[in-house]
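Notes follow the structure.
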Amino acid sequence: MLPAMARTDPQVNFRIPAELLEKIKEQAAANNRTITAELVSRLELSFGETAFGPDWQSDLAVKFRELINPALVEMSKIENETRLKLAVSGLTQEEIAKAMAVKVDPAEIQKKRAGKGSKKP
C-alpha cells in the first residue's frame, strides 16, 4: 500500500466530466473519504497497489477455486448419480431433464424436515 499523502505530495490539476465528478463525490461520501482520498484509492487499485499486495486479486481467485472446486465436483457426482437412478427407474431422458430442472427452495426443505416427527394436534 502506498504511504498516506502529505501536504508535500505534488498537486495535480485536471479536468473530468461533471457526471464523473458527481459519481466520485457520491462514492467518497459513501466511503467516508475526501474526494482526493477516493481518487487515490481508486488509482492505487487500478495499479494493483493495495494493503493486500499487488497480486491480491489473483490470490483471491486461486483461494476461491480451491474452496469451490471440491463442492462443484461433489455436486456433479450427486447429479450424475441422481440421473442414473432416474434412468434405472424407467424415466425417459426428457422426463429426467424435466425432473432435474426443478428448482428446490432450501427453506422449504428445512420447513418439511422440521415438521417431520413433530406431533401436531
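What follows is calculated from the coordinates using simple rules that are stated; it is not laboratory data. These numbers were taken from a predicted model, which means no experiment stands behind them. Please note: Cβ atoms are built from the backbone with ideal geometry, for glycine as well, and neighbour counts cover all protein chains shown.
For segment 105-112, putting each phi into the Karplus relation 6.51 cos²θ - 1.76 cosθ + 1.60 with θ = phi - 60° gives couplings of 8, x, 5, 5, 4, 4, 4, 5 Hz, in residue order, rounded to whole numbers and with x for Gly and Pro. Full extension of the chain between Ile78 and Arg7 yields a length gain of 19.5 nm, computed as 0.36 nm times the residue separation minus the alpha carbon distance. For a 31 Å ceiling on Cα separation, which of these pairs sit above it: Lys85/Lys111; Lys63/Lys85; Lys77/Lys111; Lys77/Lys112? Too far apart for the 31 Å limit: Lys63/Lys85.
For Lys103, a cut-off of 19 angstrom between C-alpha atoms picks up these aspartates and glutamates, skipping any fewer than 8 places away in its own chain: Glu74, Glu79, Glu81, Glu94, Glu95.
Applied to segment 92-98, the Karplus parametrisation 6.51 cos²θ - 1.76 cosθ + 1.60 on θ = phi - 60° returns per-residue 3J(HN,Hα) values of 7, 4, 5, 5, 5, 4, 5 Hz, with x for Gly and Pro.
Please give the net charge around Thr92, taking every other residue with its beta carbon less than 15 angstrom from that of Thr92, where Lys and Arg add +1 and Asp and Glu add -1. Here the count lands on +1.
Listed by chain and number, the aspartates and glutamates whose C-alpha is less than 14 Å from the C-alpha of Lys23, apart from same-chain residues fewer than 8 away, are Glu38.
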